[in-house]
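Visitor: First, the structure itself, so that you have it in front of you.
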Amino acid sequence: MPPIIDRRIPDTHFRLLRLLEARSDLSQRDLARELGASLGKVNYCLNALIDKGLVKVRNFRNSRNKLGYAYLLTPRGIDSKATIAIHFLKRKMAEYETLKVEIEQLQREIGEIGARNPK
């Protein structure tokens, strides 16, 4: 049996890259909260991005005297984010067009039902 692939992971990678570009100092817990994802999913995606060479990790000491991390996009990560953004936008536009057709069909069906059953 082939493994189950979560199709939302590429979307999460894109959203994570966008967020890291803007706020590289966020903790994994903060990233999870911002993305509305579980901490485990963020950890999994971050490690995948690090393994692909799209993100690098830097250690620093935060104000509470604890070791923290900064997640920085590499030049390759910045390029990949642009490519992923194009694919993301194309996919979302296709989804929008599909939804638009479905909404129009539903509106016609509702109109037909209303015409057959006037109040």
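No lab work stands behind these numbers, since they all come straight from the coordinates. All of these numbers come straight from a predicted model, not from anything done at the bench. Here the Cβ is made from the backbone with ideal geometry for all residues, glycine too, and neighbour counts use every protein chain on show.
Visitor: Which residue is surrounded by the fewest Cβ atoms within 10 Å (Cβ to Cβ), if the candidates are limited to segment 29-41 and must be of a type in the set (A, V, I, L, M) and more than 10 Å from the chain's Cα centre (by Cα)?
Guide: Only one residue fits best here, namely L39.
Visitor: Determine if segment 89-99 includes at least one residue that is free of Cβ contacts under 8 Å to residues at least 12 places away in the same chain, surrounded by 15 or more Cβ atoms within 10 Å (Cβ to Cβ) and either closer than 22 Å to P10 by Cα or of a type in the set (K, R) (or both).
Guide: Within segment 89-99, not a single residue is free of Cβ contacts under 8 Å to residues at least 12 places away in the same chain, surrounded by 15 or more Cβ atoms within 10 Å (Cβ to Cβ) and either closer than 22 Å to P10 by Cα or of a type in the set (K, R) (or both).
Visitor: Scan segment 70-93 residue by residue and report those that are more than 17 Å from the chain's Cα centre (by Cα) and more than 22 Å from L31 (Cα to Cα).
Guide: Scanning segment 70-93 gives no hits.
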